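First comes the structure, then the notes that go with it.
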Ligand code: NDP
């Protein structure tokens, strides 16, 4: 191997707590290697009371960017210089990009990754009625991006009704799109006219792989696109049941790949190698199961 002429790599961090099992580093480093980039992606455990120092550290050491995850997605905002308009509407950040002038821009690629996966599946979300199950961080990002992309109506269904109400109100106020909260009791009947149904809860995430999202599956129709955010394992009982009703389905692995691909492109300016990233995640998850 030739001795490098420069030992300066571009650095990207992932910080959160707990973060040790997050597969993103492997996915991004495979992508850097596939594009021949001298970049590193470093996973760092950062507790909440070290967040301000951690962001100062990124600035001081000239990191090109970062991902942040639980519990920092909202708290990190106060330490950044600017937000994209959708990150502001979502109220949470998962990607940080160092700008040319050294300032740090916060973006949220979770919902954008979801949208890209939906578009790749051939659904134009303009004018659709979407039902989002869950009202946590993933649901928030998805609902805002759907609204910004032109969905006609969004229904937010959640076990804790107050969270559904808060999310619906914020999406309505920030995007102008009709967004209705529903309290989730028992098997949820999917309203007629729904074109897009999304499980954005954590139900069936490894190791609880047999848990079933409580939906009245008889109300799922073949003209619906049914999506799950769960990336591991990607073929959830929710998606299997939806397919049994004749619906087309989309797994959470695609969303995870695309949210990373959008971040990769923002940091490096290069197109992300989607296939390499998807294979990398499949490898990691195959080891975990
Ligand atoms: P949060 O903790 O913010 O939200 C969890 C949501 O799931 C809440 O709405 C919660 O309802 C609901 N929920 C959990 N358990 C149940 C249950 N048994 N019955 C009904 N509702 C339930 O988590 P996030 O939104 O950050 O993440 C949710 C999932 O999305 C995770 O599994 C995560 O892995 C996945 N994700 C996937 C991404 C991808 O790229 N594929 C990106 C980001 C997240 P309540 O409010 O009542 O507690």
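Some values worked out for this structure:
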quantity	calculated
Crossing angle, helix 137-148 versus the chain [Cα axis fit, 0-90 degrees, rounded to tens]	80
Percentage relative contact order, the chain, counting C-alpha pairs under 8 Å, at least six apart	16
Over the chain: helical MRE at 222 nm, DSSP H runs n ≥ 4 each giving -39500 (n - 2.57), nearest 500	-11000 deg cm²/dmol
Theoretical gain in end-to-end length, residue 74 to residue 202 [0.36 nm per residue, Cα-Cα removed]	44.2 nm
Gaussian network model of the chain, springs between alpha carbon atoms under 10 Å - residue of 141, 117, 20 with greatest fluctuation	20
Whole-Å distance, taken between Cα centres, linking segment 90-160 and segment 182-210	17
Gyration tensor verdict on segment 42-109 (Cα atoms; rounded if a/c is under 1.5, prolate if a/b is larger than b/c, oblate otherwise)	oblate
Sequence of 70, 230 once ranked by neighbouring C-beta atoms within 10 Å, starting from the fewest	70, 230
Crossing angle, helix 51-60 versus the chain [Cα axis fit, 0-90 degrees, rounded to tens]	50
Difference of contour (0.36 nm per residue) and Cα-Cα distance, residue 265 to residue 99	58.4 nm
Degrees between helix 161-175 axis and first principal axis of the chain (Cα, 0 to 90, nearest 10)	70
Likely footprinting exposure, 169, 249, fewest C-beta neighbours within 10 Å first	169, 249
At R0 = 35 Å, FRET efficiency that the Cβ-Cβ distance of residue 35 and residue 162 yields, to 0.05	0.20
Where the Cα pairs of the chain fall when distances are cut into 5 Å bins, in %	1, 6, 12, 16, 18, 16, 13, 9, 5, 2, 1, 1, 0
Debye log10 I(q)/I(0) for segment 111-250, one point scatterer per Cα, at q = 0.13 Å⁻¹	-0.48
Ranking of 90, 77 by count of other Cβ atoms within 10 Å, fewest first	77, 90
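All of the numbers you see were taken from the coordinates with simple rules; none came from a lab. Predicted, not measured: the structure shown is a model, and the values here were computed from it. FYI the Cβ positions are ideal-geometry reconstructions off the backbone, even for glycines, and counts take in every protein chain you see.
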